[in-house]
Amino acid sequence: MNKLTQSLPSIGVLSLLLAAWWIAVAWSGSVIFPTPWQVVTGTAELIRNGTLWLHISSSLLRVAAGFGLAVALALPLGLWMGWVNGAYLTLNPLFQILRPISPIAWIPIAILWFGVGNASPVFLIFISSVFPMIVQTVAGVHTIEKRYLRAAENFGVSRYTLFRQVVIPAVLPQIVVGMRIGLGVAWLVVVAAEMIALRSGLGYLIMDSRNAGNRYDLVIAGMIIIGLIGLLLDGGMRLLEGHRLVRWRYAH
């Protein structure tokens, strides 16, 4: 079965939703809520005046900065906590307390500490994505099959070699899962932060379109673009699962 055939059910569902949307707007006679075609023309307007690419690039740059910082901290810290029991016992309770706190709850603190510039959403992205990656990395180390470690010990390898050639390759699939979850949360958070504190980005586009003349065609366009970019980001992370260093864990 080729990819086009596999996509037909999804295309059919989307077509039905678009038709239902169009019929509902026409039946209700709404003069505020847009039809799908009005959303298309609104998107074309954003493309023509160049603001769409500005908002998309602003959001993506903030996500890249915050997520990159989270990866740089979470992966070594998670590996250390998973490998050293004392580190796990010391830090895990703290992270388990902080992890359930909604990233949105950090918005007032972020504004207080960093103001209303780019640093606030970068901090929010960092704080929201770092914990899933830490937890997933620690879990990956803790679930390594003992036979791998015993086999390495039987060959008399050093702890450094054991960690580099056994532990890290074994935990890579869990790291990819943590990164995928963290990136999804990061994309959600940057949109919420931009709605409150900034003057660029897709979140700002949605709120500004609502406040400046009830441009709900642009509101819906922004929502759809956010969803499409989120789908592309998730697809990019899923490609990592096919990397030769990771795909063994997903082999059937």
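Being buried (at least 18 other Cβ atoms within 10 Å of the Cβ), modelled with pLDDT under 75 and in a helix (DSSP H, G or I) narrows it down to one of A186, A152, so name that one. Before you say what the answer is, go through the steps one by one.
On the way: A186 fails: modelled with pLDDT under 75.
The unique qualifying residue is A152.
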Say whether the condition of being without any contact (Cβ under 8 Å) to a residue 12 or more places away in the chain and either part of a helix (DSSP H, G or I) or in contact with a strand residue (DSSP E or B) (Cβ under 8 Å, 6 or more places away or on another chain) (or both) is met by at least one residue in region 191-203.
no
Tell me, please, whether a residue that is of a type in the set (A, V, I, L, M) and without any contact (Cβ under 8 Å) to a residue 40 or more places away in the chain can be found in region 48-59.
no
Residue selected from region 191-214 under the condition surrounded by 18 or more Cβ atoms within 10 Å (Cβ to Cβ) and among the charged types (D, E, K, R), by the criterion nearest to G66 (Cα to Cα)
E194
In this structure, is I144 surrounded by 15 or more Cβ atoms within 10 Å (Cβ to Cβ) and either in contact (Cβ under 8 Å) with a residue 60 or more places away in the chain or within 19 Å of D234 (Cα to Cα) (or both)?
no
The number of residues in region 95-117 that are within 15 Å of G203 (Cβ to Cβ) and either at pLDDT 90 or above or buried (at least 20 other Cβ atoms within 10 Å of the Cβ) (or both) is 3
Which pairs turn up if I take residues in region 83-97 that are within 22 Å of T161 (Cβ to Cβ) and look for partners that are assigned to a helix (DSSP H, G or I) with beta carbon separation below 9 Å, at least 6 apart in sequence or on another chain?
W83/V141; W83/F163; W83/V167; A87/L77; A87/W80; A87/M81
Residue, farthest from A221 (Cα to Cα), within region 22-51, restricted to residues that are in contact with a helix residue (DSSP H, G or I) (Cβ under 6 Å, 6 or more places away or on another chain) and part of a helix (DSSP H, G or I):
W22
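So which residues in region 204-221 are touching a residue at least 40 places away in the same chain (Cβ under 8 Å) and closer than 19 Å to T41 by Cα, if there are any at all? Give the steps one after another, and end with the answer.
First pass over region 204-221, keeping only residues touching a residue at least 40 places away in the same chain (Cβ under 8 Å): 204-205, 214-218, 220-221.
If the condition is that a residue be touching a residue at least 40 places away in the same chain (Cβ under 8 Å) and closer than 19 Å to T41 by Cα, then L205, N214, R215, Y216, D217, L218, I220, A221 are the ones that fit.
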Residue identified as more than 24 Å from the chain's Cα centre (by Cα) and either among the hydroxyl-bearing types (S, T, Y) or at negative phi (or both) among L8, L79, L52:
L8
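The values are calculated or read from the model by the stated rules, or taken from the named source; none is laboratory data. Because the structure is a prediction, the values reported are computed rather than measured. So basically every Cβ, Gly included, is an ideal-geometry build from the backbone, and we count neighbours across all protein chains shown.
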